[in-house]
Amino acid sequence: MSDLYWLNDEQMAKLEPFFPKSHGKPRVDDRRVLSGIIFINRNGLRWRDAPEAYGPHKTLYSRWKRWSEKGIFAQMLLELADRGGTTDTLMIDATHLKTHRTASSLGAEKGGRGRLIGRTKGGMNSKLHTVTDAQGRPLRMFLTAGQRSDYIGARALLDGLPPARHMLADRGYDADWYREALENMGITPCIPARKGRKVQIRHDEVRYRKRHKIENSFARLKDWRRVATRYDRCPKVFLSACALPAVVMFWL
């Protein structure tokens, strides 16, 4: 099939350092399996519908589940993004991702581990909080239930921010504690003030116009059907489904 996806030699060379060492029986062809995983995630297919060229669908699913739970794909995003060079400007935003009934049909797991799925006006959703560079390339990701405030993601991603001079965000991030935390890190916030503020805070309107790039980034991520619609019950696995397209489209 001519429309199948295959990783090339250059891309494999960037990814191989993240592969865990195999113990005992050697793994099957990494290129074939990873290419199949990418194909399934991009097209939103069931694992059993994987084309025969990628090998047994159980092998694809087992590798995907095992590496996702180990955080392999999330680590790829973190380290490849850090190697991508410095950036003068950061952007932060969040987007809702629709949850399919197969991911939200059962109750929470024992021990208090939630699935990070919540009810909003648009139905059952998860919320992906993302920090990007000036070009809109994802650097950090954090997942919460859909009804959670943007402040939750902003606080969680704060400590992992790379060095920068400016932070662009919409007025949903206009909080005194967040502005102060950014300034303590040497980052100038470019955030419109909430309309309810008694004293309005000015921002660089020309610089703020560049914030559309993070919206474009979300649009490209949602072109991958397993991102636009969440099928995975496990939040670690779904976060991997969000990190994988960021790696393939922006950092390979």
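The values are calculated or read from the model by the stated rules, or taken from the named source; none is laboratory data. Computed from a predicted structure; not experimentally measured. All Cβ positions, even for glycine, are placed from backbone atoms using ideal geometry, and neighbour counts span all protein chains on display. These area figures cover heavy atoms from the full protein model, side chains too; ligands, DNA and RNA do not enter into them. Shrake-Rupley method; radii C 1.70, N 1.55, O 1.52, S 1.80 Å.
Brief remarks on what is shown
- Residue selected from the range 26-55 under the condition among the polar types (S, T, N, Q) and buried (at least 20 other Cβ atoms within 10 Å of the Cβ), by the criterion farthest from the chain's Cα centre (by Cα): 35
- Matching residues in the range 82-94 - criterion: being touching a helix residue (DSSP H, G or I) at 6+ places or on another chain (Cβ under 9 Å) and at pLDDT below 95: 83, 84
- Residue within the range 95-103 that is of a type outside the set (D, E, K, R), surrounded by 18 or more Cβ atoms within 10 Å (Cβ to Cβ) and at pLDDT below 90 present: yes
- Any hit, the range 147-162, residues being open to solvent by less than 30 Å² (accessible area, probe 1.4 Å), of a type outside the set (A, V, I, L, M, F, W, C) and either part of a helix (DSSP H, G or I) or touching a Cys at 6+ places or on another chain (Cβ under 8 Å) (or both): yes
- For the range 116-132, residues that are of a type in the set (Lys, Arg), surrounded by fewer than 22 Cβ atoms within 10 Å (Cβ to Cβ) and either assigned to a strand (DSSP E or B) or at pLDDT 90 or above (or both) total 1.
- Members of the range 58-69 that are open to solvent by 70 Å² or more (accessible area, probe 1.4 Å), over 16 Å from the mean Cα position of the chain (by Cα) and in contact (Cβ under 8 Å) with a residue 12 or more places away in the chain: 61
- Residue identified as within 20 Å of residue 245 (Cα to Cα) and either open to solvent by 50 Å² or more (accessible area, probe 1.4 Å) or of a type in the set (A, V, I, L, M, F, W, C) (or both) among 167, 91: 91
- Any hit, the range 188-196, residues being outside any loop (DSSP other than H, G, I, E, B), out of contact with any Leu (no Cβ under 7 Å at 6 or more places or on another chain), touching a residue at least 12 places away in the same chain (Cβ under 8 Å) and aliphatic (A, V, I, L, M): no
- Residue match in the range 198-205 (condition: open to solvent by 80 Å² or more (accessible area, probe 1.4 Å) and in a helix (DSSP H, G or I)): yes
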